[in-house]
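Please read the structure below before turning to the comments.
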Amino acid sequence: MREAIVKAFDESVRVKQAFLRDNIDTLVRVVDVIVAAFRNGNKLMLFGNGGSAADAQHIAAEFTNRFRVERPPLPALALTTDTSALTAIGNDYDYSLVFAKQVQALGKTGDVALAISTSGNSANVLAAIDVCQERKITTIGLTGGMGGKMVGKVDHLLCVAASSDTARIQETHILIDHVICELVDAALYPAV
């Protein structure tokens, strides 16, 4: 059992280090994009399925409440939380539209969307990305493995390419999300 534990930790560290080596410049650009959107009075929309939905909600809460420092709330919205909207859209139309229709209703030019899909192939995430592009909403894709269909569809791709294991990808995703929160706070509230 100890060997399995050590192996899991070693693999998680390896995947995170590989992500950082391959994506640090993109991650810096992503932080700059989110900071600019907040400074301009725009919002961050986040969406994904399953564990990625939980990450979307978690990170939206870090922005609307606070992360590490006391500061005013920042406009972030997880499109995964309104069960009435999700079930109405899924029932009346199709589950592939549950995020796209919310982006149509809530998104505006200048906003930023953080689209999370471990595989990069989630139909509802991809459909929402398409709506974002139509509305000139900057898209950030958070994915893993080969990146799936998300590759080439988003403005900024953060791909955890060193693994196709969902757990290792999601562990890296939450670190990426926390780093984004920390650096956005530092840029917007440097004296805090």
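Values computed for the structure shown
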{"quantity": "All positions within the range 43-79 that are open to solvent by 20 Å² or more (accessible area, probe 1.4 Å) and of a type in the set (S, T, N, Q)", "calculated": "N49, Q57, T64, N65"}
{"quantity": "Scope the range 44-80; condition under 25 Å from A167 (Cα atoms) and among the β-branched types (V, I, T); matching residues", "calculated": "I59, T80"}
{"quantity": "Identity of the residue in the range 76-112, among the β-branched types (V, I, T) and part of a loop (DSSP other than H, G, I, E, B), that ends up nearest to S52 (Cα to Cα)", "calculated": "T80"}
{"quantity": "Which listed residue, of E171, E182, is open to solvent by 20 Å² or more (accessible area, probe 1.4 Å), part of a helix (DSSP H, G or I), within 23 Å of V35 (Cα to Cα) and charged (D, E, K, R)", "calculated": "E182"}
{"quantity": "Count of the range 139-162 residues which are open to solvent by 20 Å² or more (accessible area, probe 1.4 Å) and either under 12 Å from L46 (Cα atoms) or part of a helix (DSSP H, G or I) (or both)", "calculated": "2"}
{"quantity": "Residues of the range 113-128 satisfying the condition of being assigned to a helix (DSSP H, G or I) and not β-branched (V, I, T)", "calculated": "A123, N124, L126, A127, A128"}
{"quantity": "The one condition in (1) within 21 Å of A162 (Cα to Cα); (2) assigned to a loop (DSSP other than H, G, I, E, B) that V15 fails to fulfil", "calculated": "(2)"}
{"quantity": "First in the range 72-92 and free of Cβ contacts under 8 Å to residues at least 60 places away in the same chain and more than 21 Å from D177 (Cβ to Cβ), second anywhere and in a loop (DSSP other than H, G, I, E, B) and of a type outside the set (S, T, Y), Cβ under 7 Å, 6 or more apart", "calculated": "L86/V98; I89/V98; G90/V98"}
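Let's see how each residue does on (1) at pLDDT below 95; (2) farther than 18 Å from V131 by Cβ; (3) out of contact with any helix residue (DSSP H, G or I) (no Cβ under 8 Å at 6 or more places or on another chain); (4) not basic (K, R):
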| position | (1), (2), (3), (4) |
| --- | --- |
| M1 | yes, yes, yes, yes |
| F9 | no, yes, yes, yes |
| I34 | no, yes, no, yes |
| R39 | no, yes, no, no |
| K43 | no, no, no, no |
| H58 | no, yes, no, yes |
| A85 | no, no, no, yes |
| I89 | no, no, no, yes |
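The values are calculated or read from the model by the stated rules, or taken from the named source; none is laboratory data. Quantities reported herein were computed from a predicted structural model and do not represent experimental measurements. Don't worry about glycine lacking a Cβ; one is built from the backbone with ideal geometry, like all the others, and counts go over all protein chains shown. Protein only, heavy atoms only, side chains kept; ligands, DNA and RNA dropped before computing areas. Shrake-Rupley method; radii C 1.70, N 1.55, O 1.52, S 1.80 Å.
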